1. Could you list, in sequence order, all residues of segment B:122-157 that are assigned to a loop (DSSP other than H, G, I, E, B), surrounded by fewer than 24 Cβ atoms within 10 Å (Cβ to Cβ), out of contact with any Ser or Thr (no Cβ under 7 Å at 6 or more places or on another chain) and not charged (D, E, K, R)?
2. Going by the conditions given, is residue B:160 among the acidic types (Asp, Glu) and not in a loop (DSSP other than H, G, I, E, B)?
3. How many of the residues making up segment B:149-206 are farther than 18 Å from residue A:262 by Cβ and of a type in the set (Ser, Thr, Tyr)?
4. Where residues in segment A:111-146 are crowded, with 23+ Cβ neighbours inside 10 Å and among the polar types (S, T, N, Q), which of them is farthest from residue A:222 (Cα to Cα)?
5. Filter segment A:120-146 for residues that are in a helix (DSSP H, G or I) and farther than 19 Å from residue A:185 by Cα and give the result.
6. I'd like the full set of residues that are outside any loop (DSSP other than H, G, I, E, B) and either more than 7 Å from chain A (Cβ to nearest Cβ) or surrounded by fewer than 24 Cβ atoms within 10 Å (Cβ to Cβ) (or both), limited to segment B:181-196.
7. Test residue B:177 against the criterion of being at the interface with chain A (Cβ under 8 Å from one of its Cβ atoms) and assigned to a loop (DSSP other than H, G, I, E, B), and give yes or no.
8. Please work out which one of (1) more than 30 Å from residue A:91 (Cβ to Cβ); (2) under 18 Å from the mean Cα position of the chain (by Cα); (3) surrounded by 23 or more Cβ atoms within 10 Å (Cβ to Cβ); (4) assigned by TED's automatic domain parsing to the domain that holds residue A:42 is the condition residue A:246 fails and give its number.
Amino acid sequence: MTFEAGARAALSDAQLRGALRHATTLFAEKRRAAMATAPDWEGARDRARAIKDETLLHLDRYLDQFTASAERAGARMHWARDAGEACAIIGWIAEQRGARTIVKSKSMATEEIHLNAALARRGIEPIETDLGEYIIQLAGETPSHIVAPAIHKTKGQIAALFAEKLGIAPSDDAAALTAAARQALRRRFAEADIGISGVNFAVAETGTILILENEGNARLTTSLPRTHIALMGIEKVIPRFADLEVFLQLLPRSGTGQVLTAYQSLLTGVKRHPDDEGPDELHIVLLDNGRSRMLAAPVTRQTLACIRCGACLNACPVYRQIGGHAYGAVYAGPIGAILTPQLIGIERAAHLPYASSLCGACRDVCPVKIDIPAVLLHLRAEVVAQHAGKRRVFERLAFRAYAAVMARPRLYERVMRLARALHITPPLRAWTKWRDLRPLAPRSFREEWRRGLKKEGTG
Amino acid sequence: MTDAARHQILRSIRANLAASAPSAPAAPVPRPPSQREQDADLVSRFTTQLEAVGAQWTLVRGEVEAARALRRILADAGAKRVAGSDAPLVARLLTERLVDLSRDELFTCDAGVTTAQWGIAETGTLVLESVRERSRLASLVPPVHVAVLSTACIVASLGDALARLDVTSHAITLITGPSRTSDIELTLVVGVHGPQMVHVLLLEEA
């Protein structure tokens, strides 16, 4: 489905729009309230961005340091150039251990590499354990929001789904639905061979990986099974342990409007003693999949500063109307519109840089101050450059003429006078299909001014 | 396979960084404003935050009082099978606890009792370090978690706690209130996969 068709379908889905309006509005309100509890919000944003910039400029060095620290603590490191390689590594580890079921905590990186399908092809059953992810796995869907994957679903839809798949009595009580999921998943946790998680931050200095969550499913996933596999994009690394403070101030407040999420697991290698609790082995898979390419220019590089809080989705007037699925990509919303084309190639996602009104709300809420509109414009220029063929000749000429007129006040006045006299409407059907072109006033403001408006104003 | 991948990824990072126009060196990271709290405020700030995140607390003086309070908390919660960590303090406060449980046995427990190594006043957070105690599962699997925390171990901020953490721990867990989710229409539901109830037993030296 094209973006236009997806957006149109979403716009006519009253249930979806109700769910989106409710959720994004509530998220935005909670975020504002939580921001106010931070001692120095703007300062924290600047510090976080400076840390990310410093890391990205020396990413090779920090990845080497992280690898060495994590290995010293007993972790096994794996490097994956692309999605297929990451799936192969994880599938191979699982097969070596004769794994039948795998419990997973929420991870956008595993969505990005389509890990569940890859595991299923090997006869291994991946079980999503985050409640939102569990809901969409039961429904056979994909996440529509980075932080709240089932944001597009109403309670009624979830109740019907659980009644069908879990055999429980239909209920409109969120607590009863949650309890049903808890009960169904407890058994899966107890029998799982492997736990797979994402990573929010990886500390080069200590080899520590940090996972934030609210439900406790990530703690269970990383504590109970004998083997823990953590998948992380190479941009998740930060230099120092102390750097975690500023990111822990920003991420929960921006993401869910919490001062802190219920749990942070800071995992450094594996247990030191057989009697200790926790997995016997920790595998960390470092994923490139197009990320290193983004380092090539400062404008694209800032995409890698993202901490996946989802605040830009909740703020975006486009996302708030159409939701995540219409984008037709794993990462939706403003961050998805700049991330996806860079990950999978601009030719496969040429519509995404245009899925924005460039209003800048995303840039304003971004906790690490990513200038998303600037990246969108950069990517639009790339799309245009790629399509620079005959079909664009008229467009290029039109813009050149427009620029010439707009840069010369005298010429501009003359052209406008002519347009008014002849009642010319520019032939812009493609443009006016989505936008209003205001009719020309009988006289311009400058003419009115010269004819006496000036005197009226001062008199 | 993975060694070749490693070299290729690192080479790609270096090549792409070299290709970018020499940008201004990254701005120095500004230092966070430091704010030190009066010790006297810490306990009340901590308990205020505990309440804000939906946790309960009881302040006791000395271990005799603590043992009595712990029994009452567990009885009120209707907890019969209680998993304990291996902390000596927990052993002294609760002799009839269950230790070294299997995964399956743990799932049948009504409550878990552990200590916490640190409390963070600004967020109402408990910090559990694996190097000090086997508390990882007892604090997670049963529906009730009781954590014993010395009032002397409450620090003002997250930064203060991070500075004190023992990173020789293979697992450090920060706990702020009970397990929670808002995945269904953003309606808050407490007690998803972790404990529904977190009770902090604040222990003052007698």
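1. Of everything in segment B:122-157, those that are assigned to a loop (DSSP other than H, G, I, E, B), surrounded by fewer than 24 Cβ atoms within 10 Å (Cβ to Cβ), out of contact with any Ser or Thr (no Cβ under 7 Å at 6 or more places or on another chain) and not charged (D, E, K, R) turn out to be B:143, B:156, B:157.
2. Numbers: among the acidic types (Asp, Glu): yes; not in a loop (DSSP other than H, G, I, E, B): yes.
The answer is yes for residue B:160.
3. 5
4. A:144
5. Just the residues of segment A:120-146 that are in a helix (DSSP H, G or I), to begin with: A:120-121, A:131-139.
Result: A:121, single match.
6. Narrowing segment B:181-196 to residues outside any loop (DSSP other than H, G, I, E, B): B:181, B:189-190.
B:189, B:190, listed by residue number.
7. Details: at the interface with chain A (Cβ under 8 Å from one of its Cβ atoms): yes; assigned to a loop (DSSP other than H, G, I, E, B): yes.
Yes, satisfied.
8. Here residue A:246 clears every test but (2).
The values are calculated or read from the model by the stated rules, or taken from the named source; none is laboratory data. Just so it is clear, the model here is predicted, and its values are computed rather than measured. For neighbour counting, all protein chains shown are included, and Cβ atoms are generated from backbone atoms with ideal geometry for every residue, glycine included.
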